Each structure stands twice: as structure tokens, then as C-alpha cells.
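Engineer: I have a structure I would like to understand better, so I am pasting it below and will then ask my questions one at a time.
Rule-based calculations on the coordinates, nothing more; no lab input. Computed from a predicted structure; not experimentally measured. Here Cβ is always computed from backbone atoms with ideal geometry, including for glycine, and neighbour counts include all displayed protein chains.
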Amino acid sequence: MKDGYAIEMRDIVKRFGDVNAVDHVTMEIRNGEFFSMLGPSGCGKTTSLRMIAGFEYPTSGEIYLNGTSIGTTPPFQRNVNTVFQSYALFPHMSVAENVAFGLQMKKVPREEIGRRVDEALDMVRLTGYGERRPRQLSGGQQQRVALARALVNRPDVLLLDEPLGALDLKLRKEMQIELKRLQERVGITFIFVTHDQEEALTMSDRIAVMSEGKVLQVGTPTEIYERPNCRFVADFIGESNFIRGQVSALNANDVTVTDGKGLTLRGQMVQPLQVGDDVYVSIRPEKARLSVQRPSEPPNNLFPVTVDRVAYIGSDTRIMVQLGQDQLFDVWEQNTRSTVDRDAYWQRGEQGFLWWPAENALVLKD
Amino acid sequence: MATESAPLGQAPNSSLDTLARRERGRLFGLLFPGLFWLIVFFALPLVVILLYSFLTPGPTGNVIWKFTLDNYITLFTKDLYVNAYVRSLWIGLVTTVVCLLIAYPLALYIVQRSPRWRNLLLFLVLIPFWTNFLVRTYAWMIILANNGVINSLLQAVGLPRQTLLNTTGAVLVGLIYGELPFMVLPIYASIDRFDFTLLEAASDLGASRARAFLRVMLPLTMPGVAAGSVLVFIPTVGQFVVSDLLGGAKVDMLGNLLQRLFTRSNPPNWPLGSAMALVFMLVLTVAIIFYFRTTTEEDR
Ligand SMILES: Nc1ncnc2c1ncn2[C@@H]1O[C@H](COP(=O)(O)OP(=O)(O)OP(=O)(O)O)[C@@H](O)[C@H]1O
Ligand SMILES: [Mg+2]
């Protein structure tokens, strides 16, 4: 079963009263991949995960685990395990008893339980902690017990609902690396829920970006960042400048947009468009250039601008420029040269030229 | 007291000693009111009872200052008393178990309601306390009497009358009714503190609902179960009002015998009553210690 889908969600709807928590979601999660669900609070990530775990049943639609429909199979009969955000460790059991729980439920022989519990604790670097109570452990250690408790069962799919949410930043970064390494080692499909985009980008093989119960885009981190398919995704992942306008000409993938106030922009098409469509041209701040002189070989997006604000943040300088009459535009320049000379940086009120290659601008619908 | 510090320093800790002494003095000052209360209202009566239980009853209800073990021998040999012990413990046990079986699901149900309903339901659980216990027990007499509410209903639908009042069953009904809130409240409190995600975690790890309950929820709500059980068991075993009113003179519990020995019998027999009360206390203490040992083991 190495290829094929670990989880398939087919047109899943989950309604609570008159709230559509999950709204016609279709997703395929491949065997052995690190899959993230990313989206703002309340977009239905937890609900989706809980349906895969079996804590909620879909209002309509079908979920398949390794090709078998599991719509209303109760959680204890699914070979899927969950790492809860609150860890949900059993406080009245020792660490080893916690980890052994799932194996005991499956009536695994005693000696094998002992061996597998030791292995699992070893894997999360908690050898020797078996006799402790969960409350005697730090947050990061509890987190690892929760991981061991789930992984010891060798599930087909491991579900993680913001498992790093309660950790401080440094520990969080460490756990990100550890978690990713662990996933590669055990080869189990991970479905990881987060609302932290950086976390999703660094860890995932593929990401599903969700909003208001819908999946907007599924793709690899680079696809999601470099080729967002709508304004929401471009806005939610990373930062972007948006210039509003209408499509005035189309030539294969090359789109010309006018903003009605004298700006004409060229960008790439990422979804089907027609002349006259209301669109946003999206340009990432690090993908635009600002220069004092007009470039000798003028690109097709070149605009005279005035510097409005400058923020020096060490590695970068972030420059806000005024484009046209009332459009503010963010440009990030890497500080590649070491100098304390003030004049080497942009100054407020300075004139310059803003430009970017057409492939750096995406034309997106709302 | 000073033995712990003795091996450490022989000479230079005299100032420490005064400090410790002063500290001890202050501590005693703080403890005094409580100690006083305990001694006067708890220890002294206990000593009196202990003393009396080894004295000889006199012909007019007085006490003769002559040491004897007869009181205890009577207690453990005469059927009347042995039966009362067994019956009381049995009634206490049944009452506690039935209360537990009703209270746990009820408390769970209440916890799972929305906050508004929850408060209303808790209020309903407490409402009986607004009426005097005696009055409520009399109400049960009216319900259970030979021409009472239940029998009238039975007759109305053409069924034969039943003897309900003055039976062990009637006593149990009255006790369970009266003690139920004392079981519901502590269990409610511990279920309220219980994190229900733990049940999901158990289920996620392959536990059926029953096993998740037995392995996770029950052990974690055991403090409430234990507290409720003790709160119900102790007063029940010592009951005499309910057994008197709903059991007639037919269902003698310890409390009834005690009451009779101290006040009603002719002549009163304080030494025997004292012995009975002491043994009663001892049995309860042992039962409770045993109970806590077995129920709270998981939590240590
Ligand atoms: N049991 C429930 N009853 C009613 N509404 C619910 C329930 N669970 C979730 N919802 C609603 O469904 C929507 C999606 O919730 P969900 O918990 O899946 O969001 P989420 O993406 O996990 O958000 P967060 O990042 O805040 O955890 C929300 O509007 C939420 O209020
Ligand atoms: Mg959530």
C-alpha cells in the first residue's frame, strides 16, 4: 500500500446547527506523506481531523482509509491515532502505562507490550521516564509522550491537531525538526493541523489551505507560496502586495491589467480569466526591485515611485513606496552589503523606480 | 524533638533553639482554639463513653463503678445486637450502592447540559433540603401507607393493595431518597473537573466506551465516588428516624437500639449503649479506611 491514498475525503460536509464547519471538502492524502491543513481560526481544520479520527461523523460525503469507507466506524475501530493539542495524557497512569494503553486495548501479549513501549519511549528520547507521572514532565516531554502513545500502535495515519501550539518558540522549532525526522523514519502518514504558515511550509510535503470550511488550494510548499490560486491564499501565506484592477488583454498566460487610475500592469495567469474580470495583481515584496536609475533594459512593469517609509530590520530593509496616486507598495531589499552609512539605504521622500519581471506578478481572482 | 538537630551542632545553636522554642509557642497559640474545641467536644465525650463501656449498669439506670467486660460480651453474643449490626451495615451498603448507581448517571447527565440547565438541575437536586427531613419522611409514610397514595392508585386500576409501610423496603426507599443528594453533589463535582478529551483519547487508542469508562473516567472520578459513598454510608448506618417511621418497630437498626438503651428502655443501660456506640465507631472507621485504601490506590 505504499502508493495510493491513505485518506480520501469525498465531498465532505459537516454541519453544526446552521454552521457549515466543513463545506464540500474533497482531499486526497497520499500514503507516507506529511500533509498539513492550514487556515485561520474556525476554518474547519479540527472538524476535518475529528471526522478522520471518528469523533464526528460527516453530515454527508464519504471518507476512505486505505480505500475502505470509514464513514461511521467508531474511533476505536479505526487504525488511526491522534495527538491532541492538550496532549490528553491519562493523569492517573505512568508514562509507560499511557504508552501501553493502546496495545493493551488491542490485547497485544504482555512481553511484546513491554518491548514496544520501551522502543517507543526510546524513539521520542524519553528512555527512563516510564515510571513518571505525566504531571512530572515538562510541556515538551508531555508532547513526546503523546507522540509515543500514538505511534506505538503503528497507525495507518497519525493525526496531529496543533501539537506544538502550547510550546514556546524555541522548543517549538526543535520539535518541528524532531517531528519531521520522526515522520521520515517511521514512514507513517501524518496529517498535521496548524494555523502557523511557517510551520506548515517547513514541515510539509503538501499543504491544504482552508478557509471557511472550504479547501482553497492543495500543493507543495513552493506551489502554495509561488503559485497561489486565489487572493486569499496569497494573502494568508507570506505577504503580498495587491493591486486591484480589470483584465484588459489576454495573450496565452500573459495578462494585462489596468487599475482605472492610469496604472497598467502585466502578470501571469494562474487560473482561467476573461477580459473584463475584476482581479488582483499580487506581487511578493521580495520579488520586486527598487532602483535609483531607470534600468537600462526596461522590464514590462516599471513605475516611478516615491519612498514613503523605511524600516531597517537588520537582515532586510523594508521600504514602503507610493505607486501612482494612492497605492502603497511594500518592497523588501536584502542588506547584502555591510555598512553603517545612512546614505546607502533608502530615505523617505526619495524618488526611484519600482519594477518586477512579469513572471513575479500573479493575476488572481478574489 | 531536638534529636534531629543534635548530631549537627553541639554548641552554637542555642539561639536557634530559642527561635525554635518561640516558634513552637506561637504555633501552640494558633492551634489552641482548635485543640480546645476538639478536646472538649470530641475527646472528652469519647473518654467518658470508653469509660462507661467498661462499667456495670445499675438497677435504676445508674452506673456502678465496677470494671466488667459483660457489655462487650452481650454485644457479640446476643442475637438482637448482632443482627442490628449486620442489618445496619447491610442497609447502609445497599443504600450506598443504589445511591451510587442512580447518582453517577444523573451527575453525568447534569454535567453535560448547558450551563443554564445545569444550574436548574442542581437546584432541583437541592430543593428537598428546603423542607425539614422529618416532614419529608412523614410524607413518605403518607405515600406508602396501607391506604396511602400508592395503594389508592393500585386500587383505582384494580390491583390488590400491598403492604409497603413498615418493611425493610420502605426504610431503604426513605434512606435512598434522603441521602441521594449527598451522593450526587460530590460526584457531580468530580465529573465536572473531568477532562472529557481523555475519553476521546481512550477511544482513539482502541478502547470501547465501556473500557474507556472503566479505565479512565471511573478512576479519575473516584474521589467523588469515595466522598459520596462515605457521606451516604455513615449517616445511613447510624439512622434511627427513618427506620423508626418507615420501618415501624420491625426494622431495628443500630440507631434505634442505641436510642432505646440510652433513653427509652427501663431502666436505661448507658454502659451497654456506650459499648455499642464504640464498636460501631470502630467498625465504621475500619470500613472507611479499607474503602479509601482500595478506591484511591490508582491515584497515588
Ligand atoms: N461541536 C460544535 N458545535 C457547534 N459548532 C462547532 C462545533 N465544533 C466546531 N464548530 C464550529 O465549526 C467551525 C469550524 O471549527 P473548527 O474547530 O474545525 O475550526 P479550526 O479550523 O480547528 O479552528 P482553530 O484554528 O481555532 O482551532 C467553527 O465555526 C466552529 O465554531
Ligand atoms: Mg482547531
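Engineer: Please name whichever of B:ALA277, B:ASN147, B:LEU172 sits farthest to the positive end of the charge dipole of region B:78-299, dipole taken about the Cα centre and charges placed at Cβ: Lys and Arg +1, Asp and Glu -1.
Structural biologist: Result: B:ASN147, furthest along the dipole toward the positive end.
Engineer: Continuing with the same structure: Could you name the aspartates and glutamates in cross-link range of B:LYS78, using Cα to Cα under 12 Å and dropping any fewer than eight places away on the same chain?
Structural biologist: Output for B:LYS78: B:ASP70.
Engineer: Using amide H atoms built in the peptide plane, which far-off residues or other-chain residues are under 5 Å from A:LEU216 H to H?
Structural biologist: Hits under the 5 Å cutoff: A:VAL209, A:MET210, A:SER211.
Engineer: Given 0.36 nm per residue, what is the gain on full extension from A:GLN271 to A:ALA358 after removing their alpha carbon distance, in nm?
Structural biologist: 29.7 nm
Engineer: So if I take the alpha carbon set of region B:190-300, get Rg, then get Rh from the Kirkwood formula, what is the Rg over Rh ratio?
Structural biologist: 1.21
Engineer: Would you mind checking which residues have amide H under 5 Å from A:GLU56's amide H? H placed 1.01 Å from N; only 5 or more apart, or other chain.
Structural biologist: HN-HN under 5 Å from A:GLU56: A:MET51.
Engineer: Something else now. Taking amide H atoms as placed 1.01 Å from N in the peptide plane, list the residues 5 or more away in sequence, or in a different chain, whose amide H sits under 5 Å from that of A:SER248.
Structural biologist: For A:SER248, whose amide H was placed from the backbone, the distant partners under 5 Å are A:THR256, A:VAL257, A:THR258, A:GLY276.
Engineer: Beta carbons within 10 angstrom, averaged per residue: use that to sort the peptides B:123-129, A:46-52, A:184-190, highest first.
Structural biologist: Most protected by this proxy first, the peptides run A:46-52, A:184-190, B:123-129.
Engineer: What value, in deg cm²/dmol to 500, does the helix sum -39500 (n - 2.57) over DSSP H runs of n ≥ 4 give at 222 nm once divided by the residues of the protein assembly as shown?
Structural biologist: Value at 222 nm, helices only, nearest 500: -13500 deg cm²/dmol.
Engineer: Same structure again: Pull out a ≥ b ≥ c, the square roots of the eigenvalues of the alpha-carbon gyration tensor of region B:78-299, then state rounded if a/c is under 1.5, prolate if not and a/b is larger than b/c, and oblate in the remaining case.
Structural biologist: oblate
Engineer: Would you kindly state how much longer the chain becomes between B:VAL149 and B:ARG22 on full extension, computed as 0.36 nm times their sequence separation minus their alpha carbon distance, in nm to one decimal?
Structural biologist: The B:VAL149-B:ARG22 span can extend by a further 38.8 nm.
Engineer: Same structure again: So what J values fall out for region B:265-276 if you push phi through Karplus, 6.51 cos²θ - 1.76 cosθ + 1.60 with θ = phi - 60°, rounded to Hz, Gly and Pro as x?
Structural biologist: Per residue, the Karplus-derived 3J(HN,Hα) values read 5, 10, x, x, 10, 5, x, 5, x, 5, 4, 4 Hz.
Engineer: If I take every Cα pair under 8 Å that is 6 or more residues apart in chain B, average their sequence separation and divide by the length, what percent do I get for the relative contact order?
Structural biologist: Over chain B, the number comes to 26 percent.
Engineer: So how far apart, in nm, are the two label points at B:TRP65 and A:ASP366 if each is 7 Å from Cα heading toward Cβ?
Structural biologist: 10.3 nm
Engineer: Restricting attention to the alpha-carbon atoms of region A:182-221, what are Rg (one decimal) and Dmax (integer), both in Å?
Structural biologist: Spelled out, the Cα radius of gyration and Dmax of region A:182-221 are 11.0, 34 Å.
Engineer: What translational diffusion coefficient, in µm²/s and rounded to a whole number, does the Stokes-Einstein relation yield for region A:196-240 at 10 °C and a viscosity of 1.306 mPa s, taking the hydrodynamic radius as the Kirkwood radius over Cα pairs?
Structural biologist: Reported coefficient: 154 µm²/s.
Engineer: In region A:5-232, if the dipole is taken from +1 on Lys/Arg beta carbons and -1 on Asp/Glu beta carbons about the Cα centre, which of A:PRO109, A:LEU89, A:VAL25 is farthest to the positive end?
Structural biologist: Farthest towards the positive pole: A:PRO109.
Engineer: Most mobile of B:GLY206, B:GLY29, B:GLY158 per a Gaussian network model of chain B (Cα springs, under 10 Å)?
Structural biologist: Greatest mean-square fluctuation among the candidates belongs to B:GLY29.
Engineer: While we're looking at this one, here's another question. Determine ³J(HN,Hα), in whole Hz, for all residues of region B:209-225 in sequence, where each value follows from phi through the Karplus function 6.51 cos²θ - 1.76 cosθ + 1.60 and θ = phi - 60°; x replaces Gly and Pro.
Structural biologist: Result, ordered by residue: 4, 5, 5, 4, 5, 5, 8, 10, 6, 4, x, 7, 9, 4, x, x, 4 Hz.
Engineer: Note the full-extension length gain between A:ARG115 and A:GLN293 as 0.36 nm times their separation in residues minus their Cα-Cα distance, in nm to one decimal.
Structural biologist: Taking A:ARG115 through A:GLN293 to full extension adds about 57.1 nm, to one decimal.
Engineer: To continue, here is another question. Calculate how steeply helix A:110-123 sits against the longest principal axis of the alpha-carbon atoms of chain A, using the helix alpha-carbon long axis, and give the answer as 0 to 90 degrees to the nearest 10.
Structural biologist: Between helix and principal axis, roughly 20 degrees.
Engineer: Please compute the average number of Cβ atoms from other chains found within 10 Å of each residue's Cβ in peptide A:85-98.
Structural biologist: Mean shielding count: 4.
Engineer: Here is a follow-up. Please report, in debye to the nearest 20, how large the charge dipole of region A:5-232 is about its Cα centre when each Lys and Arg carries +1 at its beta carbon and each Asp and Glu carries -1 there.
Structural biologist: In debye, rounded to 20, region A:5-232 gives about 520.
Engineer: Let me ask something else. Across region A:303-319, in residue order, what do the Karplus-derived ³J(HN,Hα) couplings come to in whole Hz, using 6.51 cos²θ - 1.76 cosθ + 1.60 with θ = phi - 60° and x for Gly and Pro?
Structural biologist: 9, x, 9, 10, 6, 9, 8, 10, 10, 8, 10, x, 5, 10, 10, 9, 10
Engineer: Hey, what's the per residue convex hull volume over the C-alpha atoms of the protein assembly as shown, in cubic angstrom?
Structural biologist: Per-residue hull volume (Cα only) is 331 Å³.
Engineer: For A:LYS180, list the lysines whose Cα falls under 21 Å from its own Cα; do not include residues on the same chain fewer than 8 positions away.
Structural biologist: A:LYS2, A:LYS45, A:LYS170
Engineer: Any idea how far apart B:TRP117 and A:ARG154 come out in nm if each label point goes 7 Å out from Cα toward Cβ?
Structural biologist: Result: 4.4 nm between the two label points.
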